[in-house]
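Down below is the structure, laid out as structure tokens.
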Amino acid sequence: MKICMLGAGYVGLVSAACFADFGWDVICVDNNAERVADLERGRMPIYEPGLDDLIERNVKAGRIRFTIELEGAVKQSELVLLAVGTPMRRGSGYADLSYIFEAVKDIAPHLQDGAVITTKSTVPVGTSREIERRLRELRPDIDFAVCSNPEFLREGSAIRDFMFPDRVLVGCDSERGKEVMEALYKPLSLRSAPVMFVERESAELAKYAANAFLAMKVSFINEIADLCEKVDADVQQVADAIGADKRIGPKFLHAGPGYGGSCFPKDVSALIRTAREAHAPVTLVEQVDRVNNERKISMASRIQEAAGGELRDKTVAVLGVTFKPNTDDMREAPSLTILPMLQDRGAAIRAYDPEASKDAEEQLPGVVWCENALSACEGADVLLVLTEWNEFRALNLSQLKEAMRGDVLVDLRNVYSSAGAEAAGFRYSCVGRGREL
Ligand code: NAD
């Protein structure tokens, strides 16, 4: 099957590489020439574990290539997948669909008869219908089908998630669409991944409902963590206990500084807007959004308190700034709320992140970037763990403490044990644990 993927970002690039690995003939188009030039030189524009090897293998096999030339790519493809961004529209909280509709306008003149156009991006309910309406206007001369195939992969484990999905969801209202989408995912049937065919509106809404539900789990455990601190319980023990119940499940029950990333905040916000417009407000989800925003802000005061109530002239060493480990993605990372607040209160920041990108440097002005955890700690009064990169788990805490001027360790990801941190000479503060048991 010949496939054209529009957008070589976290979703487009990973999906394109995986489809090529299935054996399909994939052309990945991005309108960012620098990104395409990087890919042609074998340089990854994003950090995603295993992606460089996967792409190298499939480039060598001649199954994937990258271009900025849309026309040829669309003309030769029976399936065109849209994986462009749908960020939050500034100020309103709605999903910004301008990239989607721009892409639709761009592909329209080149679509061949019988083409299937499928949205991989996360788009509000009703978008497939609107894409179809616009295409019918632009191309009344051809038959085509529009499907919705929301993506559920997670950055950091994207390839595994794509190759071994819990399910593949396809919203479809035509035989032609079903036929092509069934063929596309046929290779996954060997791994018994269920491909669920549903109404397009159901597929579109399911993606938002899934993210809102997961965000709700995170906010739920964060509030339980606050309660644990007041009543001498341990949030990890509570999470393990409730997570063992199959009706609840153990995932997304890790207390921390609040969720971030390119999906949860914008998708929660877009769902709230959609629901209000449909006169069926999702008040529970509105609270999740509020709780999470307030949580990120409250972390600054928590750090200040742990530092003895004053941050002026203090130095905070920060481990991890990305929104989660194994990604270089800074979108809506809690660090972007917390670190400027610490700076406003007079603190100097020295930070280390294994994949901190140019993006991070631009978005966090005034931060001194360090080569490793030890150099970040030099002369610091407070050590702050913001992202639970694996390499932080094995750090020699005594050595870090030695390099510091102060002795405060604020662990917002519960990476360390109180006993271990205290043995290294730290005054330790973490999330959701009352007194030591
Ligand atoms: P991204 O910003 O990393 O990538 C989008 C890419 O599209 C960019 O490279 C951009 O240059 C390109 N682009 C924009 N307009 C284009 C056009 N007209 N033609 C060609 N290329 C164009 O975005 P992402 O994180 O991959 O997210 C894409 C979509 O997938 C979003 O709707 C997002 O909500 C959804 N999604 C993301 C994730 C995730 O973990 N990142 C997971 C599931 C779903």
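The values are calculated or read from the model by the stated rules, or taken from the named source; none is laboratory data. The structure presented is a predicted model; accordingly, all values stated were derived computationally and were not measured. Here the Cβ positions follow ideal geometry from the backbone for every residue, glycine too, while neighbour counts run over all protein chains shown.
Quick notes
- Residue in segment 29-44 that is within 13 Å of the ligand (Cβ to nearest atom) and closer than 18 Å to Val116 by Cβ present: yes
- The set of residues in segment 51-92 that are among the small types (Gly, Ala, Ser) and either in contact with a strand residue (DSSP E or B) (Cβ under 8 Å, 6 or more places away or on another chain) or surrounded by fewer than 18 Cβ atoms within 10 Å (Cβ to Cβ) (or both) comprises Ala61, Gly62, Gly72, Ala73, Ser77, Ala83, Gly91, Ser92.
- On the stretch given as segment 236-271, residues that are of a type outside the set (S, T, N, Q) and more than 19 Å from the chain's Cα centre (by Cα) total 13.
- Cβ-Cβ distances below 6 Å connect the following pairs, each with a first residue in segment 4-18 that is closer than 12 Å to Leu82 by Cβ, a second residue that is assigned to a helix (DSSP H, G or I), and a separation of six or more residues or different chains: Cys4/Ala73; Cys4/Val74; Met5/Gly12; Met5/Ala16; Leu6/Ala103.
- Screening the candidates Glu378, Glu371 for the property of being over 23 Å from the mean Cα position of the chain (by Cα), farther than 23 Å from Ser429 by Cβ and not basic (Lys, Arg) yields one hit, Glu371.
- Test: residue in segment 197-209 that is at pLDDT 95 or above and within 29 Å of Val321 (Cβ to Cβ): yes
- Within segment 149-166, residues that are in the same structural domain as Ser121 (by TED's automatic domain parsing) sit with their Cβ atoms under 7 Å from residues that are more than 11 Å from the ligand (Cβ to nearest atom) and of a type in the set (Ser, Thr, Tyr), at 6+ positions apart or across chains, in these pairs: Asn149/Thr118.
A quick yes/no check of all residues on (1) among the hydroxyl-bearing types (Ser, Thr, Tyr); (2) crowded, with 18+ Cβ neighbours inside 10 Å:
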position	(1), (2)
Ala270	no, yes
Thr283	yes, no
Asn293	no, no
Met299	no, yes
Gly308	no, no
Leu311	no, yes
Ala317	no, yes
Gly320	no, yes
Asp328	no, yes
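- Test: residue in segment 60-77 that is among the small types (Gly, Ala, Ser), closer than 24 Å to Tyr185 by Cβ and touching an Asp or Glu at 6+ places or on another chain (Cβ under 8 Å): no
- Only residues that are more than 26 Å from Ala206 (Cα to Cα) and in contact (Cβ under 8 Å) with a residue 24 or more places away in the chain were counted across segment 106-140, and they come to 11.
- Output for segment 52-71, where each listed residue is in contact (Cβ under 8 Å) with a residue 12 or more places away in the chain and either within 12 Å of the ligand (Cβ to nearest atom) or more than 13 Å from Ala20 (Cα to Cα) (or both): Phe66, Thr67, Ile68, Glu69, Leu70, Glu71
- Residue in segment 170-177 that is more than 17 Å from Leu81 (Cβ to Cβ) and in a strand (DSSP E or B) present: no
- Segment 143-162 - residue that is among the acidic types (Asp, Glu) and within 7 Å of the ligand (Cβ to nearest atom) and, of those, modelled with the lowest pLDDT: Glu155
- Test: residue in segment 10-19 that is out of contact with any Lys or Arg (no Cβ under 8 Å at 6 or more places or on another chain) and more than 14 Å from the ligand (Cβ to nearest atom): yes
- Of all residues making up segment 164-199, the number that are surrounded by 17 or more Cβ atoms within 10 Å (Cβ to Cβ) and within 16 Å of the ligand (Cβ to nearest atom): 5
- The number of residues in segment 305-345 that are out of contact with any Asp or Glu (no Cβ under 6 Å at 6 or more places or on another chain), of a type in the set (Lys, Arg) and either farther than 14 Å from Ser262 by Cα or more than 16 Å from the ligand (Cβ to nearest atom) (or both) comes to 2.
- Residues that are of a type in the set (Asp, Glu) and either more than 10 Å from the ligand (Cβ to nearest atom) or buried (at least 23 other Cβ atoms within 10 Å of the Cβ) (or both), drawn from segment 97-127: Asp113
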